[in-house]
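Encoded as C-alpha cells, the structure appears first; notes follow it.
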Amino acid sequence: MKGLLDVSEARERLEAGGLRVTSQRLLVLQILARAEAHLDAEGIYNLAREQGFHVSLATVYRTLSRLKETGLVDQRFFGPEHKREYYEAADKAEHYHFVCLSCGKVVEVNTPRIAQARRELAEEYGLVLAAACTCFEGYCAECAAESGKGKARGHGLAAVS
Ligand SMILES: [Zn+2]
Ligand SMILES: [Zn+2]
C-alpha cells in the first residue's frame, strides 16, 4: 500500500523543493502518490481529466519535468519500446523495475546486488553511488511458461539509464 499524499503534504513538499505551489503541481503529485500502477504522462493526463481537471498534456509534461528537477518525482524506467517514460513519486523505498516484453507487466524488484555494487564502486573506484538506474526487461513467469520459452530470445537483460 502506497502512502497517500494529502494536499497539505503535497504543498509542503513543493515548498521544500523550492517550487511555487500551483494547482497543476499539486494535482500531478497527488495522482502519482495515489497511483496503483506506474504512470506515463498520458496516464497522468487521463486520470486528471477523469477527475474533472482541465489540464493539457503539454502542461502535464512541463509539470513532470519541473517536479523531476526538484527530486519530487522520479522518472523510473521506459516502456518496452523505450519511448514512454514512466514516473512515480520519489518517496518509495529503493527498487528496480522489470518490464515484461510480452504482456507489459511491471514488477518491482530489489536485489542485494545493488548494495554490493555500491560497496564495490566505493572500494575500487572511490565513487559514491547516490542512485542506481537499472531496468530489467524480459518475460514474466506466466509469459515464459505460456510460450514454453523459458529462456526467451530477445535482448533479455538491458540496462537503461
Ligand atoms: Zn508477461
Ligand atoms: Zn516502482
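Any read-out appearing in this document is the output of simple, stated calculations on the displayed coordinates, not a laboratory observation. Values in this document were obtained by computation on a predicted structure and should not be read as measured data. Cβ sites come from the backbone with ideal geometry, for glycine too, and all protein chains shown count toward neighbours.
Have a look at the chain and give its Rg and Dmax from the Cα atoms, expressed in angstrom.
Answer for the chain, Rg first and Dmax second: 17.7, 53 Å.
Figure the gain on full extension for Y61 and R118 (residue separation times 0.36 nm, minus the Cα-Cα span) and round it to one decimal in nm.
17.3 nm
Put a dot 7 Å past each Cα toward the Cβ at H82 and C103; how far apart are the dots in nm?
2.6 nm
What's the extension gain from T111 to E142 if we count 0.36 nm per residue and subtract their Cα-Cα distance?
Extra length available between T111 and E142 comes to 9.0 nm.
Looking at the chain, send over the antiparallel percent of its DSSP beta bridges, to the nearest 5.
Of the beta bridges lying entirely in the chain, close to 75 percent run antiparallel.
Would you please name the chymotrypsin sites (Phe, Trp or Tyr not before Pro) within the stretch 1-61 that are DSSP coil residues with at most 12 other C-beta atoms within 10 Å of their C-beta?
Qualifying residues, ordered by number: none.
To the nearest 10 degrees, how steep is helix 41-50 against the longest Cα principal axis of the chain, on a 0 to 90 scale?
50 degrees
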